[in-house]
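See below for the structure under consideration.
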Amino acid sequence: MQLSLFQIIEALLVSIIFLYLLYYVYGLFFDKNYQPKAWKEAARLNKLPKQLQKLERKYPDKVRFFNFWFQVERLKKEKVSGDFAELGVYKGDSAQLIHCMDHSRDFHLFDTFEGFQDQDLEVETGKAATYTPHNFADTHIDTVKSKLNSDAFHFHKGYFPDSTRDLGELKFALVNMDADLYNPTKSGLEYFYPRLTPGGIILIHDYNPDWPGIVKAVDEFVAGIGEALVVLPDQDSTAMILKNKT
Ligand SMILES: C[S@@+](CC[C@H](N)C(=O)[O-])C[C@H]1O[C@@H](n2cnc3c(N)ncnc32)[C@H](O)[C@@H]1O
């Protein structure tokens, strides 16, 4: 049987695609080269909860995941006191993994648990201008409570910053801000930064050109404090403010 040139090229292309798929699937399940040495060592010493290792395998943005882990480990090592907090919880995915990295901290969760509010959307440009109050509304506080299932969590349901009004004096070691919009990002920085313990950190997700409201709120805030902004090369660019110890 003689193959035509077309059939040979076709067979070659199919083999290349098959080999690439094989390589991809192998990498997905067995290649651990992307894991930092400190993580591998902690796994070897049985210091990583099984649930955290499972979450790591499933988490798509490895740089973001390991940055959370390095920051939480640093806070433990430097004995930075304070609670954890998240503004923008949605279904609780990132809160779940940060909690798994340190079960001992009280963890404050701020969200409407009903999606965005019109008053925040009105001022938006960029990707957020296409959003409506229906986005991120497919969640419920009770579902998130049963998913997170720990007394460490304190739920502050409602419009931020109104939901902070009756809170007592709190101090934070780590705050994850993931509210997508200018207004909550601005009021989040105004609320959390003065309550951040020296050595503590605020992480703001989506500091990139798709989200001009976030970039604007962060830049305006950082211009008024004596701290530098560190931007992480994770998929959506997390910006970080680390509070000076002196
Ligand atoms: C991108 S989602 C958060 C994703 C979440 N961190 C995760 O792990 O999947 C953004 C969330 O911010 C909340 N949000 C935005 N503006 C808010 C405001 N002013 N007050 C309270 N929650 C707000 C929305 O309800 C939505 O659940």
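Readers should treat all values here as calculations from the given coordinates under stated rules, not as data from a laboratory. Since the structure is predicted, the reported quantities are computational estimates derived from the model, not experimental observations. Cβ coordinates were reconstructed from backbone atoms using ideal geometry, including for glycine residues, and neighbour counts include every protein chain displayed.
Structure summary
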quantity: Size of the range 1-130 as Cα extents on the principal axes (Å, biggest first); calculated: 74, 50, 20
quantity: Projected-area average for the range 66-131 over all orientations - Cα convex hull basis, square nanometres; calculated: 5.9
quantity: Kirkwood Rh in Å, taken over all unlike Cα pairs in the range 49-242; calculated: 16.9
quantity: Cross-link pairs Lys54/Lys145; Lys58/Lys186; Lys47/Lys171; Lys79/Lys243 - those with Cα-Cα distance over 23 Å; calculated: Lys58/Lys186; Lys47/Lys171
quantity: Relative contact order of the range 49-242, defined on C-alpha pairs under 8 angstrom at six or more residues apart (%); calculated: 23
quantity: Antiparallel content of DSSP bridges confined to the chain, in %, to 5; calculated: 25
quantity: By average C-beta atoms within 10 angstrom, highest first, the peptides 97-104, 56-63; calculated: 97-104, 56-63
quantity: Loop-located GluC sites (Glu not before Pro) in the range 92-173 whose Cβ has at most 10 other Cβ within 10 Å (DSSP); calculated: Glu122, Glu169
quantity: Kyte-Doolittle at least 0.5, axis length at least 18 Å by Cα - qualifying DSSP helices, the chain; calculated: 5-29
quantity: Linear extension gain, Val123 paired with Asp151, 0.36 nm per residue minus alpha-carbon span; calculated: 6.4 nm
quantity: Percent of Cα pairs exceeding the 16 Å cut-off, where the set is the range 17-60; calculated: 47
